[in-house]
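To keep things clear, I will list the structure first and then write my remarks on it.
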Amino acid sequence: MTRSLNDKLTVLAGRLLVAAILLFVMLPTIVVVISSFSSTAVLFFPPKGWSLRWFERAVNYDDFRHGFYSGLIVTAWASSLAVIIGTTLAIAIERYAFPCKQVLEGILLSPLFIPHFTIGLGLLMLVSQLNLGRGYPLVIFCHIVLVLPFVLRSVYVSIKNLEQRIELAAASLGASPLRVVWTITVPLILPGLFGGWLFAAILSFNEFTASLFITTQATQTLPVAMYNYVREFADPTLAALSVIYIAVTATLLIIANKFLGLGKILNIETRH
């Protein structure tokens, strides 16, 4: 009986510890969400009154709208090209043996541990030396480099879970390697492709550190526009915009997980 009581206390203590950690992690988000409904022009917590006017300002502010449209352009190109490049490289790395394969894989995954500001600063110095413009192609290229490791991870796991005998059967019936890829491999790993595209799109749209170095007024994305705004104003507009950010991102992930099973795609499902 004593052992049973100790087990129950251990489970209770573990749950309380997890709840405390979650509360600690979520506390800044909770403060931002509550502050976004403040009625005053200066951030206060707790708010002295309640209002939705900061959400209206966040949606109608010209720099935010321009940054949103610029972010959509960069995100659409960067995530789509990253999926094409990442899928090609993932299939090559998984299916074929060639010299320096591990070196190539390490280079492709290097943005995971290289600080983003280093990549942004390096690209800024490079285009300055080459007298190139800081237009959309530069921003898109930078974002492809940053999100490519996540696309590779998603596609690579899908390929590992693919039954290779189906591909071998198609090849034995006379299908060319290219036809096998287009008619067998790609349709079977399509959930992984979409999962990789979704994560790439979310990461690209939220990217700030590297974008700060390489964007201009004409190409600035929404996070950069938010940074420029907070340098001049201290009202709850950014809090309201952050709440919109969180709600949209969470909704996309929940929908994708429900219909695609992102845990399986990313190989993080709980195994019993």
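Gaussian network model of the chain, Cα springs within a sub-10 Å range: biggest mean-square fluctuation belongs to which of ILE246, ILE85, ILE189?
Result: ILE246 has the largest fluctuation of those listed.
Using a simple spin-label model with points 7 Å from Cα along the Cα→Cβ vector, what separation in nm is obtained for LEU72 and PHE117?
3.2
Would you mind getting me the FRET efficiency between LEU162 and ALA250? Use the beta-carbon distance for r and R0 = 30 Å, nearest 0.05.
0.50
Could you give the length gained by full extension between VAL59 and LYS8, i.e. 0.36 nm per residue of separation minus their alpha carbon distance, to one decimal place?
13.4 nm
Which whole-number percent of Cα pairs in the range 93-183 have a distance greater than 20 Å? Present the calculation step by step, with values, prior to reporting the outcome.
On the way: 2291 of 4095 pairs.
Beyond 20 Å sits 56 percent of the P(r) for the range 93-183.
Measuring from the lowest to the highest alpha carbon on each principal axis, how far does the chain reach, largest first, in angstroms?
77, 73, 30
Of all the accessible heavy-atom surface of the chain, with the other protein chains kept in place and a 1.4 Å probe, what percent is carbon and sulfur?
Ligands and nucleic acids excluded, carbon and sulfur reach 70 percent.
Of TYR69, ALA41, ILE202, which is farthest towards the positive pole of the chain's charge dipole, taken about the Cα centre with +1 and -1 on the beta-carbons of Lys, Arg and Asp, Glu respectively?
ILE202
Just to check, using Stokes-Einstein with a Kirkwood Rh over alpha carbon pairs, what's the diffusion coefficient of the range 46-201 at 25 °C and 0.890 mPa s in µm²/s?
133
Using a Cα distance threshold of under 28 Å, what count of lysine pairs results for the chain when pairs must be 8 or more residues apart or interchain?
Details: LYS101/LYS160; LYS101/LYS264; LYS160/LYS258; LYS160/LYS264.
Qualifying lysine pairs in the chain: 4.
How large is the dipole of the chain about the Cα centre if only Lys and Arg carry +1 and Asp and Glu carry -1, each at its Cβ, rounded to the nearest 20 debye? Let's see the in-between values first.
On the way: 18 positive and 12 negative charges, 120 e Å.
Using Cβ point charges on Lys, Arg, Asp and Glu, the chain gives about 580 debye.
Please give, to one decimal in nm, the separation of the simple spin-label points placed at ILE21 and ALA175, each 7 Å out from Cα toward the Cβ.
It works out to 4.4 nm between the two label points.
Just how much of SER172 is accessible, in Å², when a 1.4 Å probe is used and the result is rounded to the nearest 10?
90
Just from its helices, what would the mean residue ellipticity at 222 nm be for the chain, if runs of 4 or more DSSP H residues each count -39500 (n - 2.57) and the sum is divided by every residue, rounded to the nearest 500 deg cm²/dmol?
-24000 deg cm²/dmol
The values are calculated or read from the model by the stated rules, or taken from the named source; none is laboratory data. Just so we're clear, the structure is a prediction, and the values are computed from it rather than from any experiment. So basically every Cβ, Gly included, is an ideal-geometry build from the backbone, and we count neighbours across all protein chains shown. Side chains included, ligands, DNA and RNA excluded: accessible areas come from the protein's heavy atoms. Shrake-Rupley method; radii C 1.70, N 1.55, O 1.52, S 1.80 Å.
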